[in-house]
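First the structure, in the form of structure tokens, and then the observations on it.
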Amino acid sequence: MIAVLILAHVVICAASVILIYNLREYDFRYMIPALVFVPVFGYMLWFMNWGMERKRNVSLKDVDVDCLHIEDIKYQPLHVDEESDITAVPFEEAMAFNESDVKRKLLMDILNKSPENHIELLQKARMGNDTEITHYAITTMAEIQGSYEKKIEELGKEVLDNPKDEKVLNHYRRELKGYINSGLITGNILAVYRKQLEAVLKDLIELDDSKFHIWKDRIENQINMKVYDQVEAELELISQKWTDDERVYFLKVKYYWTISDGKRIRDTLKEVDDKKIYLSSKGMKWFTFWSHKE
């Protein structure tokens, strides 16, 4: 009888050890001594431990890893500061590696969701040596450009149908600005879209001349177009409407810098100082920069 019990104990121990090593997700090797030297109770202890560990692991498996969006965290653009549009992304570092598959994977991860926000990266990728990456970059840029042009064409027709609809005009203005600032267009094509933007801004001012950001867009657009005949008068007008607004002086200095008029830049800075114009942190940096530059 004792021999039968010993034999049964050995068989159970052998079967349990084999099972432990096959269950690779669980590490119960530390239970082997209890199984071998503590008959009956050792088996019970092992099964209890196995059941509790299995329950805990099943709970962990229920978490959907995809829902954590780990890649969003890993490749999230890092904003340098609140006043800068510059972003730091892993692809910049990846370009230093020779492994094309590393570059390709990072490029896809970064650009798949919002390529329109990474035009500069696409332009750099387009100039690379990897033909697949270059093809992807060129194709993506063409798609973004096509999307902009299609949207602008649709909005242009909508503006013709609703020339006094401020909401439609503003939507058109934003799309034109986005396309112009994207870096996708240059030369004559850029000039054409700047003229369209000028016409929209003129219409918006005629509807309501009390919005500073519309005046700002118009003056900056005229400066970029190198069409200066109205800029002086418009700067004087907004100076009267927004006398103590630092942004007026930002525009003045930008214009005077463009036309290389150092004296008027100094006069503008002196005016800011004499009038004790309130300057934000951004304004203080601006004033310090231009004061030292002069």
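Here, each number is a calculation from the coordinates, and none is a lab measurement. All of these numbers come straight from a predicted model, not from anything done at the bench. Positions of Cβ are backbone-derived with ideal geometry, glycine not excepted, and every protein chain shown enters the neighbour counts.
Phi angles across segment 205-211 convert, under the Karplus curve 6.51 cos²θ - 1.76 cosθ + 1.60 with θ = phi - 60°, into 3J(HN,Hα) values of 5, 5, 6, 7, 9, 9, 9 Hz, Gly and Pro given as x.
Taking Cβ atoms as reference points and 10 Å as the exclusive limit, the residues near Met225 contribute a net charge of +1, counting Lys and Arg as +1 and Asp and Glu as -1.
Restricting segment 157-266 to trypsin sites (Lys or Arg not before Pro) that sit in a DSSP loop and have at most 11 other Cβ atoms within 10 Å of their own Cβ leaves Lys164, Lys226. Charged neighbours of Asn188, selected by a Cβ distance under 11 Å, balance to +2 (K, R count +1; D, E count -1). For Asp208, neighbours were defined as the other residues whose beta-carbon sits under 15 Å from its Cβ, and their charges (Lys and Arg +1, Asp and Glu -1) total +2.
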